[in-house]
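For reference, the structure is listed below as structure tokens.
Bear in mind these aren't lab numbers, they're just calculated from the coordinates by the rules spelled out. Note that the structure is predicted; figures quoted are calculated from it, not measured. Ideal geometry is used to build each Cβ from the backbone, glycine not excepted, and the neighbour counts take in all protein chains shown.
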Amino acid sequence: MFIFPSIHGELTSACTRGLLDHSLSESLFPNFNFDGWLNIDCGSEQPGVAGGNRSMPWSTDAGVTKTGFNKRLPTRQALEEMNTLRFFPDQTQENCYVVTLQYSIWPYIVRAGFLYGNYDNLSRPPTFDLKMDGQDWTTVNTSSVDDGVPLYHETIYYVGSEYPEIKVCLVQTREGEVPFISSLETMIITDGLYGKMIEPFNNPHAAFHLVTRTNFGGPELRYGDGYYDDHYNRIWTSGATPKNCVNVSATSIVFDEIDNYPPIGVFNDSISTVNASDSIVLIVDLPPLDGPHSACFIFYFSNPNDTSGVRATQIYINGQMNSTITFAGPATKVVTIYPIDVVGPTINITLSSDPESTLSTLISGMEVFTRHDLAVPQPAYYAPPPSAAAASELLIFMYHVLALTLSLVVVFY
């Protein structure tokens, strides 16, 4: 267990800074060598490195796609990788990225990024489809976000072939609306991340599409090499605060080694109900689904070091209580609830105070994924087994052939 200073306060632990640094590097954070990662700045003419504390290398898309045209946005964007894009006006050909990965038989986070930026001066953000390895991934609606805000689609995908590569294709679905892409990233999943959800070696034929990854009460968090950043290149969007809640900043954080290694910044800020008896209600919008799907809910809770009492929270999903979490002292905890069948278009999540609780309900972060079963590819020589009727006819035919052969043998002799 480690106690970290909040960025809003001072260190209250007796640990020395040197011991804290050693604990961080040895126990909590991965190696910053980007092993198993590939970050493609689509449309860029030269490789680069993200500025600030995001010292992450980006490559061009030369060699991973053969179609489309590069374009630089007319207005400079805060994220360097969003200043360029590749667009695909010719839909008579297949417009795909074929990305070779470093390791096979392993799960990856795959994330595609889009920022329209009125690059074509038409003021018409397009809608189009994404496919991965020949299967439907998602529909990209670039008009669903404000101008200048990147849109991301992310999935956890198991790369099971001994030839580790993925093929991401952009498909036009509306006349006159041209597909484009700004960034494409792949990150290998290590250190047991999302182990309770993906079970990679038990079920390689499923993808988990990210619906939301939210940091409540605090700013957006991205990759960086600071203590409070995400070290697995995940993006935590800043969540809205319900009307009956307030943002709460911790003065210090008791951080245990917990599932999925969330960034410390997630626990630095939270939302809490104004009244201890109130509930936190969170509405999650689902993308269009082709029927019921299993969903995975991951909740990140903290109990700051400067609180005393009992904080007990009941978790309801669409009106059904699924779990209760109790804090009797400062700590951080992760609750994974999977599987839960969902249909949409929305999911209602209610966090209610348990009768034994003396403190208000509080949550720091949340992730929601939907599971999508994939068609199992068959080898080229594969043929489905015959039906019972076909098998019976085949046996009768073989019987007649055998009888005819025996009769010819008898006549010959």
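Debye-formula intensities of the stretch 53-113, expressed as log10 I(q)/I(0) at q = 0.16, 0.19, 0.23 Å⁻¹, are -0.73, -0.97, -1.20 (one equal scatterer per alpha-carbon, no solvent). At an R0 of 35 angstrom, the distance between the Cβ atoms of Gln46 and Ala240 translates into a FRET efficiency of 0.35.
Positive contributions from Lys and Arg (+1) and negative ones from Asp and Glu (-1), summed over other residues with Cβ under 15 Å from the Cβ of Gly160, come out at -4. Where does the charge balance sit around Thr84 when Lys and Arg score +1, Asp and Glu -1, over other residues with C-beta under 10 Å from its C-beta? Result for the neighbourhood of Thr84: -2.
When both the stretch 65-86 and the stretch 279-321 are represented by their alpha-carbon centers, they are found 37 Å apart.
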